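For reference, the structure is listed below as structure tokens.
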Amino acid sequence: MIVFVVDDEELALKSLTDAIQSVRPEAQIFTFQDPNKALQLLEGGAKPDVIFSDVQMFEMTGIKFAHLVKVIYPHVNIVFVTGYNEYMMDAIRLHASGYLLKPVDEDRLREQFDNLLYPTTDKGGNKFYAQTFGNFEFFCNDKQVHFPRAKAKELLAYLIDKKGAACTRSELLINIFEDSGEGRDSQYLSQVWAVLVKTLKELGGADILVKSHNAYAVNPEKFGCDYYDYIKGDIKAINAYQGVYMANYSDWSDFTGPKKYRS
């Protein structure tokens, strides 16, 4: 779980961070005294599960900050933390996930994590995890994996979408490489595949990928995935799905994903 904490008062920031670490020791916590720094990370593609924000800050109000956050990342949990309750209606209008009064009580904080507006998917202790709801991201030990080539990441996403079924070279060239400028260049596919193999191998995940003479696939047993949990009927994964699947690859993901499993 990735958590952002935004408060321009250093002591308040530390107090809330300590409380979150006590309640959710597995969380990766990023702290900001300047809300603009948090916005910059969000604009750069950061995807926190929860953002805790003070309401009254010098640089900008927490309400304005939340408005800007929602433009960048509409389906993020925002929890306001303040010493006053006069902003409750603003929080409701923003569809905030919660409203905590200072000093934050750990029991109330724990309750807040258990009742988020946009439930987070439990990675189940998996070293590797594929997030497909919203934008596609791949994690190793809860950290986003950086892929040297964008097409290597998309190739992995496409294979994960296939749930272990083998994809032929022709299928991959037609569906995800035609817009690359390389057309149906088989050599280009080989180069991207090599980058993907190298990236995962360096992280200890070489066995995630499966390749035969003319077939490419993933081994679904080697990583966790919200989509796979959804198919299995996991209630947390079902609640986490907000109707958006691999949005960064909508050219092909709009035709697949959880939608066909909905009643």
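The values are calculated or read from the model by the stated rules, or taken from the named source; none is laboratory data. Since the model is a prediction, treat every value here as computed from it, not as a measurement. Glycine also receives a Cβ, built like all others from the backbone with ideal geometry; neighbour counts cover every protein chain displayed. Accessible surface areas use protein heavy atoms only, side chains included; no ligands, DNA or RNA. Shrake-Rupley method; radii C 1.70, N 1.55, O 1.52, S 1.80 Å.
Looking at this structure, is L116 open to solvent by less than 40 Å² (accessible area, probe 1.4 Å), in a loop (DSSP other than H, G, I, E, B), at pLDDT below 90 and of a type in the set (A, V, I, L, M)? It would help to see each step written out before you state the result.
On the way: open to solvent by less than 40 Å² (accessible area, probe 1.4 Å): yes; in a loop (DSSP other than H, G, I, E, B): yes; at pLDDT below 90: yes; of a type in the set (A, V, I, L, M): yes.
Taking the combined requirement at face value, the residue satisfies it.
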Counted residues in the range 130-155 being open to solvent by less than 70 Å² (accessible area, probe 1.4 Å), outside any helix (DSSP H, G or I) and more than 22 Å from K236 (Cα to Cα) come to 2
#### Entry: Any chance A194 is over 24 Å from E26 (Cβ atoms), open to solvent by less than 20 Å² (accessible area, probe 1.4 Å) and assigned to a helix (DSSP H, G or I)
no
Screening Q56, Q40 for residues that are polar (S, T, N, Q), assigned to a loop (DSSP other than H, G, I, E, B) and open to solvent by 20 Å² or more (accessible area, probe 1.4 Å) leaves only Q56
Log entry, pairs with first residue in the range 215-236 being under 30 Å from S186 (Cα atoms) and open to solvent by 10 Å² or more (accessible area, probe 1.4 Å), second being acidic (D, E) and assigned to a helix (DSSP H, G or I), beta carbons closer than 6 Å, six or more apart or on different chains, reads K222/D207
Over the range 16-37, the set of residues of a type in the set (S, T, N, Q), surrounded by fewer than 17 Cβ atoms within 10 Å (Cβ to Cβ) and modelled with pLDDT of 90 or more is Q21, S22, N36
Among (1) modelled with pLDDT of 80 or more; (2) more than 17 Å from the chain's Cα centre (by Cα); (3) buried (at least 20 other Cβ atoms within 10 Å of the Cβ); (4) not aromatic (F, W, Y), A91 falls short only on (1)
Within the range 156-180, of all residues that are buried (at least 20 other Cβ atoms within 10 Å of the Cβ) and modelled with pLDDT under 90, the one farthest from Y249 (Cα to Cα) is F177
Across the range 237-250, the tally of residues that are assigned to a helix (DSSP H, G or I) and surrounded by 13 or more Cβ atoms within 10 Å (Cβ to Cβ) stands at 7
